[in-house]
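Asker: This is the structure I have questions about; it appears just below.
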């Protein structure tokens, strides 16, 4: 070992955001031992070198001759990435196999090999599932080398896709469910459907669609406020209208449902924005729509999720029982549109809401 070894340990530790205490715990040594290595007072026992190399995702040779080897490693990765970029997967696989002989514990090389094998297997005219199967080993190795879990989600997503490609849908879902994230609901549902669990997949998608309809309203309303600040009034108005039109599809021509309640408020928002822009005729048109949906909801006050368009078969109720839609419409008319109280159209609207 040379005199700069302590500095290398220090630089590697810092690059992975380890404290001396964390590195010591991983190696089962004292904090003082790590401190002495970095200051050059002492060196780690030779039996610790394999563990050190694994923690830092480099080979032992690379650990001992860091500057030179690291440059070589960088070049190996760049060649592999270029071969991938140009679709030369078999050449990339051969190149990575050679690189991994020298650097078996490099995180990037293992992950890149997994992705290359998967891409190579699935991008052929006749898919090569043997290559996809081989990719699983490298994804597992990358997970092992990802000591702080910074890339865990990405690796699991890759591995689950490989498993799905191999028809191992249950295993793929087990991985995706372990992430506990709504980002993968569509993939999970797709796997259920491919497994023949059609209703399970459908219900998952229905719930996701309902959640999306709620979150979309908040997203578009807040984005519209940003557009207003930038004086992009037309785009802001279109966003607010889009929410109302989109959520109106969840109402149906049969029974009323909770979306009639929501859409009545959506159309009030559109009417208020038309007022800001001075589009008075359009404002009254959207007030009519708001009143129509509010009246329809109040006739039945139906909170059953299963009566919402597209959500048939789902159990449960929306948590807003007992609240009518029309009182809010009346309040809004009296507060936001009162200056039109002498307009015949306003008078006609007030007659409708006070029936």
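Asker: May I ask you to verify whether residue 238 is under 30 Å from residue 331 (Cβ atoms), in the same structural domain as residue 332 (by the TED database), modelled with pLDDT under 95 and in a helix (DSSP H, G or I)?
Answerer: Judged against the criteria, residue 238 is not a match.
Asker: Going through segment 281-311 one residue at a time, which ones are touching a residue at least 60 places away in the same chain (Cβ under 8 Å) and either touching a helix residue (DSSP H, G or I) at 6+ places or on another chain (Cβ under 6 Å) or not in a helix (DSSP H, G or I) (or both)?
Answerer: Correct list: 284, 287, 291, 308, 309, 310, 311.
Asker: Moving on to the next point. Being closer than 30 Å to residue 112 by Cβ, loosely packed, with under 14 Cβ neighbours inside 10 Å and not assigned by the TED database to the domain that holds residue 58 narrows it down to one of 222, 173, 191, 180, so name that one.
Answerer: 180
Asker: Specify which of the listed residues (333, 314) is surrounded by 15 or more Cβ atoms within 10 Å (Cβ to Cβ) and assigned to a loop (DSSP other than H, G, I, E, B).
Answerer: None of the others qualify; the one that does is 314.
Asker: Of all residues in segment 94-126, how many are assigned to a helix (DSSP H, G or I), under 15 Å from residue 141 (Cβ atoms) and either outside the structural domain of residue 152 (by the TED database) or in contact with a helix residue (DSSP H, G or I) (Cβ under 9 Å, 6 or more places away or on another chain) (or both)?
Answerer: Qualifying residue count for the region: 16.
Asker: Taking residue 353 as the residue in question, decide whether it is modelled with pLDDT under 95 and within 22 Å of residue 271 (Cα to Cα).
Answerer: yes
Asker: What do you reckon, is residue 74 over 21 Å from residue 11 (Cβ atoms) and loosely packed, with under 14 Cβ neighbours inside 10 Å?
Answerer: No: the conditions fail for residue 74.
Asker: Restricting attention to segment 245-257, does a residue exist that is in contact with a strand residue (DSSP E or B) (Cβ under 9 Å, 6 or more places away or on another chain) and either assigned to a helix (DSSP H, G or I) or over 18 Å from residue 346 (Cβ atoms) (or both)?
Answerer: Yes - at least one qualifying residue is present in segment 245-257.
Asker: From the list 309, 319, 285, which residue is assigned by the TED database to the domain that holds residue 253, farther than 27 Å from residue 234 by Cα and surrounded by 13 or more Cβ atoms within 10 Å (Cβ to Cβ)?
Answerer: Criteria check complete, one pass: 309.
Asker: Among the residues of segment 336-355 satisfying the criterion of being surrounded by 13 or more Cβ atoms within 10 Å (Cβ to Cβ) and farther than 12 Å from residue 288 by Cβ, which is farthest from the chain's Cα centre (by Cα)?
Answerer: 343
Asker: Within segment 127-150, can you find the residues that are outside any helix (DSSP H, G or I) and in contact with a helix residue (DSSP H, G or I) (Cβ under 7 Å, 6 or more places away or on another chain)?
Answerer: Of everything in segment 127-150, those that are outside any helix (DSSP H, G or I) and in contact with a helix residue (DSSP H, G or I) (Cβ under 7 Å, 6 or more places away or on another chain) turn out to be 127, 128, 146, 147.
Asker: Let me ask something else. For segment 207-227, state whether one or more residues are more than 30 Å from residue 170 (Cβ to Cβ) and not in a helix (DSSP H, G or I).
Answerer: No, the conditions are met nowhere in segment 207-227.
The values are calculated or read from the model by the stated rules, or taken from the named source; none is laboratory data. What you see is a predicted model; the values in this text were computed from it and never measured. Ideal geometry is used to build each Cβ from the backbone, glycine not excepted, and the neighbour counts take in all protein chains shown.
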